[in-house]
Amino acid sequence: MNIKSLLKSLLILFFLTFSCSHGQNKTNVLKSIKSKYVTIEALLQNEELKEKQKEYTCKGLSIEGSVAFYYENQNLKLIIHSFDQGHYSTCDSYYLHNDNLFFYYREESIDNDTPIRDEKNGELLDTYEDWGISEFRVYFDEEKAIKCLVKAYENEDVTDKIKEEYSEFSDYFKNKKVVCDSSKITEVLLSFNKLIKLQSLNKENICFLHQ
């Protein structure tokens, strides 16, 4: 084997070793993220987190919303920012460990349901369903997005069988792995930093969150 072939073989070996090591490290990070997420969710369900909530209204934008901070002792564990704007609503959840964002979840919904009423007396007869939900998940490692998932479904996708078998329709539909869009990640981090600063602000009007 000549020197050129030897160097090529060593380079391939290095690349394979590095790729394997990097893959194992990412797997471990994702396992850690899921473990921390489960822990925070358990604390939340058991009402073991102290909640501080701010509600607000942005009349010019027709927005009503709330921001809730959840603490274990003095450590911030979770921020939930939700708001409604007409038929559109959004809920953003930010999960923290040691003051660092490790998981982000957004649920967006559009509800254009139309009531069907009796023409004579106005009695509600039925409702024509027309809604859609989209979900976005981001796994972070040191403020770097390492995995992104999306999910979307609407009323026409939900069959009678799904309604019978699933209390949460979202559990039926699968996540799709996508490339993490840098502009979306930047937007998530900017919103997160605004919310972090909001903790120490005694503001009634916090519509700057939508600027």
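Just so it is clear, none of the values below were taken in a lab; they were calculated from the coordinates. Quick caveat: nothing in here was measured; it's all calculated off a predicted structure. Please note: Cβ atoms are built from the backbone with ideal geometry, for glycine as well, and neighbour counts cover all protein chains shown.
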Semi-axis lengths, Å, the range 50-210, gyration tensor of Cα atoms, sqrt of 5 times eigenvalues:
32, 22, 14
Nitroxide proxy distance, nm - points 7 Å out along Cα→Cβ at Gln53 and Ser109
1.6
List the residues, sorted by chain then number, that are 5 or more residues from Lys147 or on another chain and whose placed amide H is less than 5 Å from its amide H.
Tyr139
Residue farthest toward the positive end of the dipole of the range 50-210, with Cβ of Lys/Arg at +1 and Asp/Glu at -1: which of Val158, Ser93, Leu190?
Leu190
Counting other Cβ atoms within 10 Å, which trypsin sites (Lys or Arg not before Pro) in the range 148-211 have at most 11 and lie in a DSSP loop?
Lys174, Lys203
Listed by chain and number, the aspartates and glutamates with an alpha carbon less than 15 angstrom from that of Lys52, same-chain partners under 8 positions apart left out, are Glu72, Glu204
